[in-house]
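Novice: Here it is, the structure, as C-alpha cells.
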Amino acid sequence: MKPIELTPMQALRRSLWMVVQAAPKELRNLAILNLITGTGPSVALLLSKIVIDETTRLLGDRSLENAIVTVLSEPVLMWSMIAVVFLNLFVDSVDSIGSTLFAALRDRVQGYAQGKVLHKVANFDDIALFETPELLNLLQLTEKGIQRLQRLSFIVAGTLVGVFIFIPSVAVSISIAWWVPLVLVAAAIPSIQVEIKYHRKSWRVEETQAGLTREMDIYAKVITGESYAKEVRLFSLQSVLLNHWQSLFNRMFNTMETVRRDEALAVILWALIGGLGAALPYVFVVLGVLQGTFTLGDLALYTGIILQVRRSLYILISNTGDIYDVALATAPIFQLLDLQPQLVTGHAPIKSRPEVRSTQQGIHLENLSFSYPGSDRPTLKQINLDIQPGEMVALVGENGAGKTTLAKLLCRLYDPTQGTIYWNDQDFRTLELDDLRSRIAVVMQDYAHFPASLRENVGWGFLTKLTENAAIQTVLQEAGVGYLSRELNQGLETPLGKQLENGIDLSGGQWQRVAIARALIRLSQAELLVFDEPTAALDPKNEHEIYQIFRTIAKGRMTVVVSHRLALAKMADRIIVLEHGQIVETGSHEQLMTQSGPYHLMFSRQMSSYL
C-alpha cells in the first residue's frame with residue numbers, strides 16, 4: 001500500500017478542479033469583481049490622459065477667466081472628468097466587498113477539502129493508515145495541503161486580478177511602442193524561474209521533514225494533553241519535553257531558513273534587473289515629451305500604464321510561484337484520496353460478493369502469515385487454526401507474540417499477507433465487509449473513550465438500538481455499570497469526557513465496562529466475540545464479575561479472548577500459545593499444564609505472584 005506519485009501539474013489540475021467544485025458561486029462573483037477592479041485603473045488612466053490633454057489645449061488657446069463655464073462648454077473634458085470620478089468611486093465601492101467574498105471562498109474550500117479527507121479517512125477499511133509511519137506522514141502532509149488549498153483560492157482570485165490588469169495595460173502600452181510590453185515581460189521571466197525553483201526546494205524540505213513535524217506534534221500533545229498532565233508534573237518532565245520540541249523546531253526552522261535566505265538574495269537580484277527593464281520605456285516616454293512626440297497627457301498615461309503592467313506582472317510572477325508551491329503541497333491530498341486499502345482487493349467485485357452465512361462450520365485459518373505494511377518482518381507465521389461454533393479460544397503468549405495482531409485479522413482490520421481466513425467455508429476477502437463486521441462484537445485493549453454521551457458511547461455499538469433506552473440500560477447493567485445512568489446528572493444523555501462542556505470523566509474501570517457494554521449491545525446478531533485484554537483495567541473483584549459475564553455471553557458463540565491473565569484463559573475450551581508469531585502449544589488448561597511447556601511456565605510464574 002504505497003501512495004501514487006503525482007506530478008505538480010497533475011496536482012495543480014486536481015486542486016483547481018476541487019476549488020471550482022467547492023465554491024463555483026464565489027469564484028464567479030470574484031471573477032466579476034476582479035474584472036471591474038482590474039480593468040478600472042487602465043480605463044481611468046486613459047480618461048485622465050484626455051482630461052490632461054484637453055486642459056493643456058485650453059490653457060494654450062486662451063486665458064480662462066471662468067473655469068467652471070469653460071469646463072461646462074467643453075463636453076469632452078466635462079464627461080471625461082465625470083467618468084473618472086464615478087469610475088474611481090465605483091471601483092472603490094465594489095472593491096470593498098472583496099474581503100467578504102474572499103472569506104466565503106476560503107471557508108467553502110476548506111470545508112469541502114477537509115470533508116473529502118475526513119470521509120476518506122473515516123471509510124478507510126483497514127487501519128494501516130494509522131499504524132504505518134509513511135502513511136502517518138502522508139496524513140501530516142495532507143493537513144498542510146488543506147491549508148495550502150485555501151491559499152489556492154486566493155491565488156486564483158489574485159491571478160484573475162493580474163490578468164485583468166495585464167491585458168488592458170499591455171493593449172495601451174503597445175501604443176507607446178510595440179517593444180514596450182516585450183521588454184517588460186522579458187525582464188520578468190527570470191523572476192518567475194527563481195520563484196518556481198525555490199518553491200520546489202522549500203517543499204522538498206517540508207516533504208522530507210514530515211516525520212519531524214509529526215514528532216513535534218506528538219511532543220506538543222504530550223505537553224498539552226490531559227492524559228499526560230499528572231505524570232509530566234510528578235516526574236518534572238516539563239523541561240525535557242520542551243527541550244525536545246524546541247530542538248526539533250530549530251532543526252526544521254534552520255533548514256528552511258537557509259532555503260529562504262538563498263531565495264531572498266536571488267529574488268532581489270532579479271527584481272533589480274526587472275526594474276531596469278521597466279525604466280527603459282519610462283525614459284523613452286519622457287524623451288518623447290521633450291521632443292514633442294508625446295503630450296503631457298501621454299506622459300501621465302504611459303507612466304501609469306507602465307506601473308500597471310509592472311504591477312500585473314508582479315502579481316502574476318508572485319502567483320506563479322505560489323501556484324507551484326500549492327501544487328506541490330496539495331499533492332498529498334490527492335495521494336490520500338487515491339489511496340486504496342488492501343481490504344478492497346477481494347477476489348470478487350463488491351456487488352457480486354456473497355452474503356455472509358451464519359457460521360455452521362466455524363472459522364478456519366489456513367497457512368496464515370502477516371507482516372505489517374512497510375515491514376519485512378512477519379508478525380505471524382504459518383498459522384493454522386480452527387474455531388468451532390460455540391467454542392471459546394484463548395490466545396496467550398508473551399508481549400510481541402502476535403496475539404493482538406491475530407485478533408485484528410479476525411476482525412478484518414487487516415487481510416493476511418499470505419494464507420486465508422474462512423468464515424463458514426467463505427473466504428473473508430470475498431465477503432461484504434460491513435455485513436461481516438456486524439456479526440463481530442469486540443472489546444480491544446485500546447478501547448475508545450468517545451467524547452460523546454453515555455447513550456452514544458454504548459449505542460454506537462449497534463446503531464439500530466441507539467434510541468432504545470431499555471436495551472442500553474440492560475447492557476450497562478450486564479457490564480456492571482447500570483448505576484451510571486441513575487447517578488450521572490443527565491442520565492444517558494450525560495456527556496463523557498472532560499473535553500466536552502459539562503463532560504464527566506469516568507475511571508479506567510468504568511470506561512472499560514462501558515466499552516464492554518458497547519460490545520454487548522450487538523449480541524443479538526454477533527456470532528464472533530473478540531476480547532483483547534478485556535479486564536486489564538479492573539481490580540480482582542471486578543475482574544471476577546466480568547469473567548462471569550463472559551461465561552454467560554460466550555455460550556453458543558465463537559469467542560476469542562486475548563489475555564495476559566491466565567485465570568481468564570482457564571475458562572476457555574482451548575488455549576492457543578503463541579511465540580514469535582507461531583503456535584507452539586494448543587490444548588485445554590489441564591492438558592497444557594501436564595506438558596510442562598511454555599504455558600505451564602507462564603501460569604506457574606503468575607500463580608507464584610499471588611503466593
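Novice: Select, from His589, His580, the only residue that is touching a residue at least 12 places away in the same chain (Cβ under 8 Å) and surrounded by 15 or more Cβ atoms within 10 Å (Cβ to Cβ).
Specialist: Only one candidate qualifies: His589.
Novice: If a residue has to be surrounded by fewer than 17 Cβ atoms within 10 Å (Cβ to Cβ) and among the hydroxyl-bearing types (Ser, Thr, Tyr) to count, how many in segment 138-192 make the cut?
Specialist: Looking only at that region, the number is 1.
Novice: I'd like the full set of residues that are over 44 Å from the mean Cα position of the chain (by Cα) and among the aliphatic types (A, V, I, L, M), limited to segment 552-601.
Specialist: Across segment 552-601, the qualifying residues are Met571, Leu592, Met593, Leu601.
Novice: Here are the criteria: (1) at pLDDT below 75; (2) over 25 Å from Phe294 (Cα atoms); (3) surrounded by 11 or more Cβ atoms within 10 Å (Cβ to Cβ). Tell me which single one Pro41 does not satisfy.
Specialist: So Pro41 meets the others, but not (2).
Novice: Taking only segment 417-443 into account, find how many residues are free of Cβ contacts under 8 Å to residues at least 24 places away in the same chain and either of a type in the set (A, V, I, L, M) or within 16 Å of Leu463 (Cα to Cα) (or both).
Specialist: Looking only at that region, the number is 1.
Novice: Here is a follow-up. Could you please let me know if Gln335 is modelled with pLDDT under 85, under 30 Å from Glu432 (Cα atoms) and open to solvent by 10 Å² or more (accessible area, probe 1.4 Å)?
Specialist: Taking the combined requirement at face value, the residue does not satisfy it.
Novice: Going residue by residue through segment 512-533, is there one that turns out to be touching a His at 6+ places or on another chain (Cβ under 8 Å), crowded, with 17+ Cβ neighbours inside 10 Å and on the phi < 0 side of the Ramachandran plot?
Specialist: no
Novice: Name, by its number, the condition in (1) open to solvent by 20 Å² or more (accessible area, probe 1.4 Å); (2) under 30 Å from Asp376 (Cβ atoms); (3) among the β-branched types (Val, Ile, Thr) that does not hold for Ile504.
Specialist: The single condition Ile504 does not satisfy is (2).
Novice: Hey, does segment 244-255 have a residue that's at pLDDT 70 or above, in contact with a helix residue (DSSP H, G or I) (Cβ under 7 Å, 6 or more places away or on another chain), basic (Lys, Arg) and exposed (fewer than 15 other Cβ atoms within 10 Å of the Cβ)?
Specialist: Within segment 244-255, one or more residues are at pLDDT 70 or above, in contact with a helix residue (DSSP H, G or I) (Cβ under 7 Å, 6 or more places away or on another chain), basic (Lys, Arg) and exposed (fewer than 15 other Cβ atoms within 10 Å of the Cβ).
Table: residues versus (1) under 24 Å from Leu316 (Cα atoms); (2) surrounded by fewer than 18 Cβ atoms within 10 Å (Cβ to Cβ); (3) at pLDDT below 75.
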| site | (1), (2), (3) |
| --- | --- |
| Ser63 | no, yes, yes |
| Val94 | yes, yes, yes |
| Gly98 | yes, yes, yes |
| Leu105 | yes, no, no |
| Phe124 | no, no, no |
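Novice: Sort through Lys25, Lys2, Lys49 and tell me the only one that's open to solvent by less than 50 Å² (accessible area, probe 1.4 Å) and of a type in the set (Lys, Arg).
Specialist: Lys49
Novice: Does Tyr219 qualify as being aromatic (Phe, Trp, Tyr), closer than 30 Å to Leu506 by Cα, surrounded by 15 or more Cβ atoms within 10 Å (Cβ to Cβ) and at pLDDT 65 or above?
Specialist: Criteria met by Tyr219.
Novice: Condition first: of a type in the set (A, V, I, L, M, F, W, C) and at pLDDT 85 or above. Now tell me which residues in segment 516-544 satisfy that.
Specialist: If the condition is that a residue be of a type in the set (A, V, I, L, M, F, W, C) and at pLDDT 85 or above, then Ile516, Ala517, Ala519, Leu520, Ile521, Leu523, Ala526, Leu528, Leu529, Val530, Phe531 are the ones that fit.
The values are calculated or read from the model by the stated rules, or taken from the named source; none is laboratory data. Quick caveat: nothing in here was measured; it's all calculated off a predicted structure. Because the Cβ atoms are built from the backbone with ideal geometry, glycine has one as well, and the counts that use them run over all protein chains shown. Only protein heavy atoms, including side chains, enter the accessible area calculation; ligands, DNA and RNA are left aside. Shrake-Rupley method; radii C 1.70, N 1.55, O 1.52, S 1.80 Å.
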